[in-house]
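Heads up, the thing below is written out as structure tokens.
The values are calculated or read from the model by the stated rules, or taken from the named source; none is laboratory data. Owing to the predicted nature of the structure, the values given are computational and were not obtained by experimental measurement. Neighbour counts run over all protein chains shown; Cβ positions are idealised from the backbone, glycine included. Ligands, DNA and RNA are stripped out before the accessible areas are found, and what is left, the full protein with its side chains, is counted by its heavy atoms. Shrake-Rupley method; radii C 1.70, N 1.55, O 1.52, S 1.80 Å.
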Amino acid sequence: MAARELPTGTVTFLFTDIEGSTRLLQEHGPGYAGLLADHRRALRDAFTRHAGVEVDTQGDAFFVAFPRAADAVAAAADARHELETGPIRVRMGIHTGEPIVTGEGYVGIDVHRAARIAAAAHGGQIVLSDTTRRLLDSDAPIRDLGEHRLKDLTGVERLYQLGDGDFPPLRTLDATNLPVAASPLVGRELELGELVALLSDGTRLLTITGPGGTGKTRLALQVAAELVGTLSDGVFWVPLAGLSDAELLPSEVAQAIGALDDLAGFLRGKELLILLDNFERLLDAAPAVSAVLAASKGLRVLVTSRTPLRVSAEREYRLEPLRMNDAAALFVERARAIGRELVPDATVGAICRRLDGLPLAVELAAARTKLLAPERLLERLDSALPLLTGGARDAPERQRTLRATIEWSYDLLDAAGKELFARVSVFAGSFSLAAAEDVCDADLDGLAALVDSSLLKPIGDDRFLMLETIREYGLEKLAGAAAGGELRQRHARFFSTLAEQAYERRFDGEADWSAQLRVNHDDLRAALDWLVVNDPDRGLDLAGALGWFWLSHGLLAEGRGRLAAMLGGSAATGRARARALTASGSLAARHGDVDEGRKQLDEAIRLWRDLADRNELASAFDVLGWLLVYDAGDNAGSLDAFEQSIELRRELDDQSGETRALVGVCQVLVALGDVERAESLSRDLLERAGADLRTKHFAFHFLADCALIRGDTEEAEERYRESLQAALLLGDVIETSLEVQGVAMAAAGNADPRRALLLAGSVEALWESLGTSISVAFWDELLERFIGRARAQLGADADAAWSEGRGMGFDDAVKLALTASRPR
């Protein structure tokens, strides 16, 4: 449901759920589907009569919003009345608050509170919060149910019942030692459901692991709260952060659960859950946990630890940082709690991404909004650790600053582990096992220890990631290490070697090598940042090796900037400068500065001639040819450049290089409108391409162009989609956008004008974000012909479709382009 349809301001929420739905299904069999449909119809009729807006429906549960509390209560009463004679009994909870409305729906603690109130009720019972009750007429039939702790673990809530019916006591937390939390859990619905299911379905020892600040304790407490009432002998929390002697664990557990002397005897035959919180400093006590488990088959043990226990029967559940939407919701909630009214916008999202979605970091950052606007806060997050202090005074000391939280994990490492932790912080992004071995002298056991301590995160088969907030702490340790400078050199050397390998193989394995550079791009950037200061000559080599990658991935401004810095800071001549100028020239032209691009390419060609490097000279002519046809509109000059490249390739007996130059010739033929020769050459290119994905991409593209020029828009669309799929495999952003534009024109010719304008609008927005604009005469004429037709067909709705396309995510535009036009 769109956010604009939802009530705003003071809103009353109604949650409903069927009691005993599994039992009803068993009793009524296939007939239950009809009962469920009647139930939904009755509830929806009642909600509609009283101005309710259905926010969400999951299974047999409803979430409905009302502008007025009285309407929500009246709707609940009507719904209960409609169901009185049937077998289905529905529990309902009602709460009033002032939520935030976003494009995804409601955000706020009040939503969680309403859901918790509903979960506490019984079938046929309608339970109200005190906030809702105070907004009703005094003569409403209300019964005071007293104060209760809901399963969100926050403080007591006074609850009321609508009507005089008699029901069992509410399902609340009145008999457990679980602590009171400062606020309800935000996000983690998926993780909460998975953990509760595991403990309910037979898992007896479940350990939640993860970096400091991921919210292991808060989630575990919520899991325990959900299980209150399902285990006959209770749920018990055993905090261990202050315990340092492993031998004292059994007595700590005994004290928490009320076992006076014989712990094993006390547990025998009992059904209960014990939550052992913050176990990481007591790993020597892990065998004692196994002994406790052996005392009773009905016992469940839930553990939070930065390191797994490594005992039999243990199931590890690694807790990741929050998903970005949940992190933004948490940030907004915590900011609102200190008086800063925010919505989850782009700035909030950027803050949460910078903080890796770590709940503790997000909460500490939100606390800073009391003094700093989010925009100013984001500016200061380049160094997060000093800023993120001042947590809640009642939080454990290790959770009052992000630094203390990370230090808690660091202190668990031995000397070798601490050294390796500092060394691997040199990596700016995810890194491979091979990189860690080469740069840091790491071994698998050492890396595994960092993973077990939740300071490293394994991703994929042989790659690792250190969260940015943890890496910042590691970099402080690295800065104080004697080997820090040497490690930076080794890091730069490793990634320079990777870039050179990719450059040499860019034609015969472009997709694979492009993917390798993409996944290592953060470290390539870090290497360039270090080299520009410490070794600009080597930096010039690295930047020149990356030019083709920056061009194909649309990183035009970044590539130009880095190449300019290296060209200005390095005195190197010869090959390094010639290659950097070749790359810089192509990027400058595509970025809109054609004259500067041509100047740099002319200088590069002169240098390659002086060096007598015919292979690189041919490649430079290829670059010049594309510059002239794409960016300068000089078809004759372009054809001459490609023909010079072909001549050099033939001298070198380089058939694949000759094929690449012929691709450029084919582009010129299309630009000249020579469809017959262009189609013939395109088919020849398809046969010559072999495993060369880029040549296939262009051949399909030229066939599509020719079909479009001839007016065969159905064939054109099919060919553009084939070319688009190849461009996606190459990771080439510019070529991908051109294929989407081609599909847009074909769609216009296939009587699908709205789709055409959506796609064309998305490309315009993408090019603006990249700082580029491609204008080729024949292409512009085709756009005017077909996109102009689409505008004429849509008439007054054309601008709206174009604007919608501009606002569409480009990935979504690609998916739309890959979907065939509707039949005419």
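General remarks:
- Efficiency of FRET between Ala256 and Gln793 - r from beta-carbon atoms, R0 56 angstrom, step 0.05: 0.15
- Hz values of 3J(HN,Hα) by residue in the range 361-375 - Karplus curve (6.51, -1.76, 1.60), Gly and Pro given as x: 4, 4, 5, 5, 5, 4, 4, 6, 6, 4, 10, 10, 5, x, 5
- Partner aspartates and glutamates for Lys477 [C-alpha distance under 16 Å; skip if fewer than 8 residues away on the same chain]: Glu407, Asp411, Asp414, Glu419, Glu468, Glu486
- Extension reserve of the Glu651-Asp512 stretch, reckoned as 0.36 nm per residue once the Cα distance is removed: 47.2 nm
- Violating pairs (Cα-Cα greater than 30 angstrom) within the set Lys216/Lys418; Lys370/Lys418; Lys151/Lys457; Lys216/Lys370; Lys216/Lys297: Lys370/Lys418; Lys151/Lys457
- Each Lys or Arg adds one and each Asp or Glu subtracts one; over the other residues with Cβ under 11 Å from the Cβ of Gln58, this totals -4.
- Just the protein heavy atoms count here, and of the accessible area of the chain at 1.4 Å, carbon and sulfur take up 49 percent.
- Summed over the residues of the chain and divided among them, the accessible surface reaches 42 Å² per residue at a probe radius of 1.4 Å.
- In degrees, nearest ten, helix 753-770 long axis to first principal axis of the chain (Cα): 80
- Stretch gain in nm, segment Val53-Glu194, where the contour uses 0.36 nm per residue and the Cα spacing is subtracted: 47.8 nm
- Projected label distance in nm at Ala294 and Leu135, using a 7 Å step from Cα toward the beta-carbon: 5.8
- Around the Cα centre of the range 1-94, unit charges on the Cβ atoms of Lys, Arg, Asp and Glu (plus for the first two, minus for the last two) sum to a dipole of about 120 debye.
- Summed side-chain charge close to Leu293 - residues other than Leu293 whose Cβ falls under 11 Å, Lys, Arg +1, Asp, Glu -1: +2
- For Thr102, the residues whose amide H sits under 5 Å from its own are Val107, ignoring neighbours fewer than 5 places away on the same chain, with H placed 1.01 Å from N.
- Label corresponding to Rg/Rh (Cα atoms, Kirkwood Rh) when calculated from the structure given, among (i) 1.47; (ii) 1.04; (iii) 1.13: (ii)
- For the range 218-257, the direction-averaged projected area of the alpha-carbon convex hull comes to 3.3 nm².
- Basic side chains Lys and Arg get +1 at the Cβ, acidic Asp and Glu get -1 at the Cβ, and with that the dipole of the range 642-784 about its Cα centre reaches some 260 debye.
- Taken along the Cα-to-beta-carbon direction at a fixed 7 Å, the label points for Ser312 and Lys599 span 7.7 nm.
- When only alpha carbons are used to place a centre, the range 527-591 and the range 1-54 end up 61 Å from one another.
- Size of charge dipole - the chain - debye, nearest 20, with Cβ of Lys, Arg +1 and Asp, Glu -1, no other charges: 1560
- One decimal place: the segment Ile774-Arg606 gains 57.8 nm when fully extended, by the rule 0.36 nm per residue minus the C-alpha distance.
- The range 43-101 - Kirkwood radius from inverse mean 1/r over Cα pairs (Å): 12.1
- Whole-number Å³ per residue for the convex hull built on Cα positions in the range 163-298: 147
- FRET efficiency estimate (nearest 0.05) - Cβ-Cβ, Asp382 to Asp712, R0 41 angstrom: 0.15
- Zone residues, the range 319-341, relative to Leu372, backbone N less than 15 Å from point 7 Å out along Cα-to-Cβ: 335
- Label-point gap, in nm, between Arg353 and Phe810 - each point 7 angstrom along Cα→Cβ: 1.3
- Using R0 = 51 Å, the C-beta based FRET efficiency linking Gln489 and His122 works out to 0.15.
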